[in-house]
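A.B. asks: Below you'll find the structure I mean.
The values are calculated or read from the model by the stated rules, or taken from the named source; none is laboratory data. What you see is a predicted model; the values in this text were computed from it and never measured. As a convention, Cβ positions derive from the backbone with ideal geometry for all residues, glycine included, and neighbour counts pool all protein chains shown.
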Amino acid sequence: MGKKLTEDLLWLNNTFLFADDDGDDGSIICSEISVWEVALTEQEVYDLGTDPSNRLPEKMGMWKFDDASDIGKASIGEDLILNGSINSASGPANYNLAAEVGLGSYFEMIHGLYGNGDGYMVNEYTLQIDFSVPEAGIWHAFFQTEPTNSGDADLFINRTNSIGTQATTYTTNTITANTWYRMVVTVKNGYFFKIFIDGEPWLASAGQTVDGRYALGENLLLFADDDGDDGTILCSEVSIWDVVLTDEQVAKLGNATTIPTGVKDIKLNESNDLSQNFPNPFKSSTTFNYSVRKTGNVSFHVRDITGREVKVINEGIKTAGNYTCELNSEKRVNGIYFVEMKAGDSSGTRKIIVRQ
């Protein structure tokens with residue numbers, strides 16, 4: 001009996017491909033078959049149709065600075081270690097905060113990357129910094145690979161508002177005060193050092209030696225410089241990868257208001273159709289007011305910071321009018337999520353914060 005049950009279960013686990021026993025199985029050509037043990041989300045299915053070379057690798061670390069009470073908290077990886085006085089400030093978009101890092105203060109990042117690029121240290125990586133400066137025409141420091149802050153920073157904004165160092169040269173393009181930028185630095189020691197701003201290439205320099213300058217040890221200092229060339233800088237997001245993103249992948253990251261989904265880039269759509277939730281941040285539940293213009297099905301899609309869909313709320317058919325929707329945190333991990341409303345001509349995307 002036990003053997004028969006096992007055989008039945010094995011039979012139930014079999015799938016017949018291109019099979020039909022009454023002649024409705026014309027010739028078909030197949031180049032690939034894959035199977036998953038879970039249901040893929042819409043975004044994951046979308047990702048299957050994109051060029052694999054342009055897909056964004058997983059981040060090793062990410063910091064958003066949206067929690068004013070815990071400003072160094074990580075979305076991915078280890079929390080940043082604060083050194084000095086670091087304040088919370090407004091970010092590049094509504095409901096988006098930033099860290100304000102003044103003269104002599106900095107963050108210490110334990111990035112968790114392992115040695116690569118034919119060296120003992122991290123010689124291949126990508127670093128993203130979303131930043132704004134309140135004052136132009138002075139020095140600002142982005143990062144320093146020396147873990148004790150006993151030397152110059154390794155990337156600056158200089159007095160003429162260009163980005164770089166003497167080792168890499170400086171960009172011909174310049175930044176302006178009180179403007180938000182997404183800077184992406186790709187490093188492959190022995191080959192190149194590149195800087196991108198808002199997805200556009202600003203600098204392509206020869207690489208330094210393997211395990212030399214720009215190679216990372218265990219720690220990386222953000223906005224650190226020990227001789228006073230670290231003017232106040234605002235930062236709304238920092239991310240790090242243990243691989244070098246391609247130029248096409250960097251372009252997909254967009255600017256400081258782009259939401260990286262890992263599949264496609266979307267913008268916050270803060271329309272009147274979907275109001276900001278209240279309260280926000282929230283612990284157990286929060287409420288959205290929303291409007292429907294035409295009769296149709298209404299649904300809400302909740303995605304985490306990586307773009308993974310974690311919840312769908314189907315509100316059913318709604319006629320034109322004003323409504324409310326309640327969302328429960330369901331003991332989700334603290335952090336940032338995005339809620340997209342789909343309702344025919346009505347739409348909207350809002351950023352929400354869960355804080356247990």
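A.B. asks: Only one of these is over 22 Å from Asp66 (Cα atoms) and touching a Lys or Arg at 6+ places or on another chain (Cβ under 6 Å): Gly316, Gly321, Gly344. Name it.
C.D. replies: When all the criteria are applied, what remains is Gly344.
A.B. asks: Here's a follow-up. Out of region 158-190, which residues are buried (at least 19 other Cβ atoms within 10 Å of the Cβ) and of a type in the set (D, E, K, R)?
C.D. replies: The answer is Arg182, Lys188.
A.B. asks: Another one. Report yes if Thr145 is under 18 Å from Leu222 (Cα atoms) and hydroxyl-bearing (Ser, Thr, Tyr), otherwise no.
C.D. replies: In short, yes.
A.B. asks: Specify the residue that is surrounded by the most Cβ atoms within 10 Å (Cβ to Cβ); the eligible residues are those in region 323-342 that are of a type in the set (Phe, Trp, Tyr) and without any contact (Cβ under 8 Å) to a residue 40 or more places away in the chain.
C.D. replies: So, considering only residues that are of a type in the set (Phe, Trp, Tyr) and without any contact (Cβ under 8 Å) to a residue 40 or more places away in the chain, the one surrounded by the most Cβ atoms within 10 Å (Cβ to Cβ) is Tyr337.
A.B. asks: Which condition number does Val238 fail, the rest of (1) within 20 Å of Thr179 (Cβ to Cβ); (2) out of contact with any His (no Cβ under 9 Å at 6 or more places or on another chain); (3) outside any strand (DSSP E or B) being met?
C.D. replies: Here Val238 meets the rest and fails (3).
A.B. asks: Mind telling me which of the residues Gly119, Gly151 ends up being more than 17 Å from Lys64 (Cα to Cα) and buried (at least 16 other Cβ atoms within 10 Å of the Cβ)?
C.D. replies: Gly119
A.B. asks: Scan region 149-161 residue by residue and report those that are of a type in the set (A, V, I, L, M) and not in a loop (DSSP other than H, G, I, E, B).
C.D. replies: Leu155, Ile157
A.B. asks: Collect the residues in region 103-116 that are out of contact with any Phe, Trp or Tyr (no Cβ under 9 Å at 6 or more places or on another chain) and either acidic (Asp, Glu) or in contact (Cβ under 8 Å) with a residue 12 or more places away in the chain (or both), keeping them in residue-number order.
C.D. replies: If the condition is that a residue be out of contact with any Phe, Trp or Tyr (no Cβ under 9 Å at 6 or more places or on another chain) and either acidic (Asp, Glu) or in contact (Cβ under 8 Å) with a residue 12 or more places away in the chain (or both), then Leu103, Gly104, Glu108, Ile110, Gly112, Tyr114 are the ones that fit.
A.B. asks: Next question, about the same structure. Got a number for residues in region 88-145 being closer than 17 Å to Gly61 by Cα and among the β-branched types (Val, Ile, Thr)?
C.D. replies: Within region 88-145, residues that are closer than 17 Å to Gly61 by Cα and among the β-branched types (Val, Ile, Thr) number 5.
A.B. asks: Collect the residues in region 122-148 that are in a strand (DSSP E or B) and surrounded by fewer than 21 Cβ atoms within 10 Å (Cβ to Cβ), keeping them in residue-number order.
C.D. replies: Those that are in a strand (DSSP E or B) and surrounded by fewer than 21 Cβ atoms within 10 Å (Cβ to Cβ): none in region 122-148.
A.B. asks: Same structure again: With (1) surrounded by 17 or more Cβ atoms within 10 Å (Cβ to Cβ); (2) at pLDDT 85 or above; (3) not basic (Lys, Arg) as the list, and Thr287 as the residue in question, which single condition is left unmet?
C.D. replies: Of the numbered conditions (1) surrounded by 17 or more Cβ atoms within 10 Å (Cβ to Cβ); (2) at pLDDT 85 or above; (3) not basic (Lys, Arg), the odd one out for Thr287 is (1).
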